[in-house]
1. Give me the accessible area of H213, 1.4 Å probe, in Å² rounded to the nearest 10.
2. Using a 1.4 angstrom probe and counting only protein chains, how large is the accessible area of F211 in Å², to 10?
3. Under a crude label model (7 Å from the Cα following the beta-carbon direction), how far is S146 from D117 in nanometres?
4. Students sometimes get this wrong: rank L128, L100 by accessible area, probe 1.4 Å, all chains present, largest first.
5. Hey, what's the stretch 77-123 come to in accessible area per residue, 1.4 Å probe, Å²?
6. Length gain on complete extension for the stretch H218 to A127, per 0.36 nm per residue less the alpha carbon to alpha carbon distance?
7. Contact order normalised by length for the stretch 76-167, with contacts defined as Cα pairs under 8 Å and 6 or more residues apart; what percent is it?
8. Obtain the nm distance between the two label points defined at A167 and N35 by a simple spin-label model: each point lies 7 Å from its Cα along the Cα-to-C-beta direction.
Amino acid sequence: MTIRSVIVASGVGVIGGMLGCAANSDYVYQPDTANATAAGLPAARTPIPQEAPQGAIEVTSYGVAQLRRDGMTIPALHVRAIVTNDGDAQPWTLDTTQQLVEIPGEGRSRPIFANADVGTLPSVTIALHERRVIDLYYALSDTVRSASQLPRFDLLWQVNTPARAVASRTSFDRVDRAPEVATGYDVAPWPLWAGFGPYWWYDPFYPRVVFVHARPYHLRGNGRVVVGGFGGRFHAGGSAHVAGGVHR
């Protein structure tokens, strides 16, 4: 399958203000195998490869955020993947189109947007001693508009190494947020807040691999993406240019 990628390079700023309930701070999503934290949120860390670790992937979720693009508001599930290659001399790759979210009764979807600090999206290379942070945004269906309607989801992730593809499933459950659990948008240090990366990619074939009741958003060109976070904080990307490429 050939996917034409569209990358938006952007400067990053902060917009103060409120967007109603940008995300419900009463909840956090906790991996069923939580063994780490990322930006104050529960995360699941998996060695890569499991039989002879050379690095790891950590996955966490910031919950449901509101994206603004081309005058549209898009409720989206925000998942972050952090991949670290500590010991493999050969680079690894992560293809954002292979990272799927599964919701009971709604099937699977690949992300409508991806954000990172590399201009090769939807593919990200992790060379020896590199650490890459990739933010994935999944447009929610009409049946799920907030965290209160999303009690559980699964992330089906995959990292490609020279030896083999390492893939697994991480289940997330919505739990009440304890007072000491920070919201990732509030505590993540520069430059790791939501929308931190200067490069955005959107799926030009959306809605091809989407949830059953997906809304058909129509995205074109280099429109600005604004991410609404917990507590109404926004991180905005101002578009500079759009680059097209072919991804296989």
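1. The accessible area of H213 comes to roughly 90 Å².
2. Ignoring ligands and nucleic acids, F211 comes out at about 10 Å².
3. 3.5 nm
4. Details: L128 70, L100 35 Å².
Ranked from most to least accessible, the order is L128, L100.
5. Numbers: 1300 Å² over 47 residues.
Accessible area per residue, the stretch 77-123: 28 Å².
6. Difference between extended and current length: 29.3 nm.
7. On the way: 179 pairs, mean separation 37.3, N = 92.
Computed over the stretch 76-167, the figure is 41 percent.
8. If labels sit at A167 and N35, their model points lie 2.2 nm apart.
The values are calculated or read from the model by the stated rules, or taken from the named source; none is laboratory data. Bear in mind the structure is a predicted one, so any value in this text is a computation, not a measurement. Glycine gets a Cβ as well: all are built from the backbone with ideal geometry, and neighbour counts include every protein chain shown. Surface accessibility is based on the protein's heavy atoms, side chains included, excluding ligands, DNA and RNA. Shrake-Rupley method; radii C 1.70, N 1.55, O 1.52, S 1.80 Å.
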